[in-house]
Structure formats: C-alpha cells, structure tokens
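Okay, structure first, notes after.
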C-alpha cells in the first residue's frame, strides 16, 4: 500500500473517530442505562449537542472523501488491503451508542415481547411496557413488528441473554449486525471474481460504502444480517451448492422478505438444480417458520413501515403532492401504480442485466426506489449485489451513497432547524479540509512497498 492510500486510510479513520465522538454526545442515546453519561469530555460535550452534531457531520464528510479518493487507486490494492482499511474505518463505530436510527430499541422491545409470550405481530411495544418499550419512539409504540420470525426469535434470545440492560442488548445487536457485515466481506470478492468483476471494486462499493459503515455498523440495522445471509447464499450457489444457497436465502427472507428475490438468482445460476433448490428453499422456510412458533402474522405486519414519510419515496411524495392540490385519496393509487411499475422494471432488469448477480441488484433497486417507503440503508440490499455484479458502478449510485450518508442526523430523530444548521456547518468544514488537502499524487516507482 502506497503513501496516498495510507493517507486515505488515516483520513477515513479520522472521520470515523469524529463520527463516534459526535455519536457519544448526540447519538440515538438511551433514556436510562447509558454507560457514557458521566465520562469526562463526553459529559461536557452533551451540554452542547449542536457541537456534537457538527463533529459527526465533519466526520461523515471526511469518511466520504476518503472513500471517493480510495477509488482512484483500487487497482494497486489487494482485497486484503481493503479489508484492513474497512476494519480501520469501522473500529471507532463499534462501541458507540446507536447512531442515525432508534430502531434497535424497537428490536429490544419486540424481543422482550416474544420472550414474555406477547404476540409482537398484533401489538406494539406499549402493550407490554417496561424499560425497552420506554426507549421506543412514539411513532412505533403501537405498531406491530414488521420483521420475520427468525429475527424476532434472535431478538428474544438477546433479551434472554442480556436481561433488562439496555446497552448490553444494544451491543448484542451490534454483534449480530457485525456478523452480517462479515458475511458480506467474506463472500463479495468470491462472487465478483466468478462473474468477471474485480474483487477490489466489489469490496470498495459494497463493503467500504459509507452507508454500510453508518447504518449497518453504527446503526446496527437487522438489514445487515439479511444482506449477509443473502450474499452468502449467492456465493454458495456460485460454488455449486445451490441447495445450500437457497436455504441461506430463505433464512434471510425470514428476517426481511425482500431477500426472497435472490432465489431467482440461484435458479438462474443453477438451472439444472431447480428441484433441489425448490425443496431446499421450502424446507428451510417451513422449518424455521415452524421452529419459531410465531405464526404467519409477520406477512400482514410488513406494511407497518409505510407509516413513515421521510421524503425519500417518490411514490409517497407524489401522493402527498396530489393530495395537497385536491386529488381525492391519491396515496393508495399512486403507491400501487408505483409498486407495479417497480415489479415490471425488476423483471426487465433480471432479463437484461449482464449477469444474474447484477440483475438482482438492479431488480432490488427498482423495487426500493419505487416502493412506498425508502430508508438510506434499504439501498444496501441492492448495492451489495450491484458491487459484485457490475464491472462499472454507475456514478448515480456512488454519489447517491454520499448524499444519503448525509441525510440523517446522528440522533436518529427528525431534524430541527438548529441541528440542520450544525450539520451544514460540520459538512462544510469537512469539505473545506478536503479542499485544502487534495489527493497526493506519487509516481508508482516512488512508492515504497508497505
């Protein structure tokens, strides 16, 4: 690794440290059981949350800058170099409180409900109450869990292990998220190599993507495990184990249902093994479903996330606009039309893509972007297979990753004017630093071996 790449690694690490510092003081902090509340410096910084938000956004700008600069020298790296860079960038984010989302508290509350025998597919956390429910935002207090039974059983196991200790439960969920990220990192290079894509480019866009670091590591969303199992399933199919691949993807779908689309990829990769693939997928799904003992209530509860309107869903924004100008009840119509269009585009992408892995990424992109609700981390469902399947990542996806990395406040709560100003100040400070410290150009012959 040459000197410019060492500088990029250091720049990204500095960005992650600034993000972590901001998260310790202005992350999605718990109301009780916060072990950092009385730490020197952190305790004082919490009296100035706008400074912490600015620090987090300064860090995001530096991290995104390091990621974009790293792209220029990918051919000089080995996959192992990039994994070491990923570990360096992720390390500061591993021990901090949740950031950019409060979803982990819902995971804990739903796990506690299952552990105590409540039906989390019929009631929200308020039905049981307790320390975990107290941490759940008001919008989710009375909504059922939208996740598959495999994840709810994992959540119940976490609560059984950690008891009512909120931060112990949070860190347990971070370990689960890190396991999903590890599967992505382990499987992406092999998938890419088998479809003719440079493994370094796949790791750069799929694993070192700022969205993954911010929302799967710092935010610890259960999408990490879903995407990890889905990626492992595709890798197994490419390694001539299509039945195993189908079983892993079925497990991913019992965390979040969109992963089931990857079964089409396995069928295309192993056209002569359709009976085995179907049997393995059905046996895995049925076995895990029955073992969970939670029934099929999760199928109906999947509409729960549509109650959020954050401005990223084209169909929801259009429905709101038409409703504002006087159209009667436009939301359901627009969302239905957009969902149908997304499915049609997904089918076209599966047929026209250069390979089945890229087809999966393009299909998921269509479904996400035309869906009724879009969160920044949803794009990782598509970006991971796109990273492994496309030889050249579209610029829109690259800059979209940067833009979405800046979309959410570290508190995980809706923004207020002062917080937005602080975020802008931190971002501008980061951009000015990057402007003053342009990439170092060193002739290859002059770069010493690392």
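Number of residues in the stretch 310-321 that are in contact (Cβ under 8 Å) with a residue 24 or more places away in the chain and either part of a loop (DSSP other than H, G, I, E, B) or farther than 14 Å from residue 374 by Cβ (or both) equals 3.
Condition (residue is at pLDDT 90 or above and within 18 Å of the chain's Cα centre (by Cα)) applied to the stretch 337-360: is it met by at least one residue? There is at least one residue in the stretch 337-360 that is at pLDDT 90 or above and within 18 Å of the chain's Cα centre (by Cα).
Please determine whether any residue of the stretch 388-402 is under 23 Å from residue 320 (Cα atoms) and without any contact (Cβ under 8 Å) to a residue 60 or more places away in the chain.
Residues of the stretch 388-402 under 23 Å from residue 320 (Cα atoms): none.
Within the stretch 388-402 (the criterion being under 23 Å from residue 320 (Cα atoms) and without any contact (Cβ under 8 Å) to a residue 60 or more places away in the chain), the answer is no, since none of the residues qualifies.
Residue 143 falls short on exactly one of the conditions (1) touching a residue at least 60 places away in the same chain (Cβ under 8 Å); (2) surrounded by fewer than 24 Cβ atoms within 10 Å (Cβ to Cβ); (3) closer than 19 Å to residue 30 by Cα, and that condition is (3).
Quick check on the stretch 194-207. Is at least one of its residues buried (at least 23 other Cβ atoms within 10 Å of the Cβ), in contact with a helix residue (DSSP H, G or I) (Cβ under 8 Å, 6 or more places away or on another chain) and not in a helix (DSSP H, G or I)? Yes, some residue in the stretch 194-207 is buried (at least 23 other Cβ atoms within 10 Å of the Cβ), in contact with a helix residue (DSSP H, G or I) (Cβ under 8 Å, 6 or more places away or on another chain) and not in a helix (DSSP H, G or I). Note on the stretch 223-241: residues that are surrounded by fewer than 24 Cβ atoms within 10 Å (Cβ to Cβ) and closer than 14 Å to residue 274 by Cα total 2. Looking across 157, 179, one residue alone is surrounded by fewer than 19 Cβ atoms within 10 Å (Cβ to Cβ) and more than 17 Å from the chain's Cα centre (by Cα). It is 157. When residue 331 is tested against (1) part of a helix (DSSP H, G or I); (2) within 26 Å of the chain's Cα centre (by Cα), only condition (2) is not met.
Which is in contact (Cβ under 8 Å) with a residue 24 or more places away in the chain, surrounded by fewer than 24 Cβ atoms within 10 Å (Cβ to Cβ) and in a helix (DSSP H, G or I), of 211, 216? Explain how you work it out, then say what you get.
Values: 216 fails: surrounded by fewer than 24 Cβ atoms within 10 Å (Cβ to Cβ).
Just a single option satisfies the conditions, and that option is 211.
Checked against (1) under 22 Å from residue 12 (Cβ atoms); (2) at pLDDT below 90, residue 386 passes all but a single condition, namely (2).
Could you please let me know if residue 92 is over 23 Å from residue 401 (Cβ atoms) and in contact (Cβ under 8 Å) with a residue 40 or more places away in the chain? Judged against the criteria, residue 92 is not a match.
Answer yes or no: is there a residue in the stretch 234-252 that is closer than 22 Å to residue 101 by Cα and either modelled with pLDDT of 95 or more or not in a helix (DSSP H, G or I) (or both).
The first filter runs over the stretch 234-252 and keeps only residues closer than 22 Å to residue 101 by Cα, leaving 252.
Still in the running and either modelled with pLDDT of 95 or more or not in a helix (DSSP H, G or I) (or both): 252.
Yes, the conditions are met somewhere in the stretch 234-252.
The values are calculated or read from the model by the stated rules, or taken from the named source; none is laboratory data. If you're wondering where the values come from, they're calculated on a predicted model, not measured in any experiment. A quick note on method: Cβ atoms are made from the backbone with ideal geometry, for glycine too, and the neighbour counts reach across all protein chains shown.
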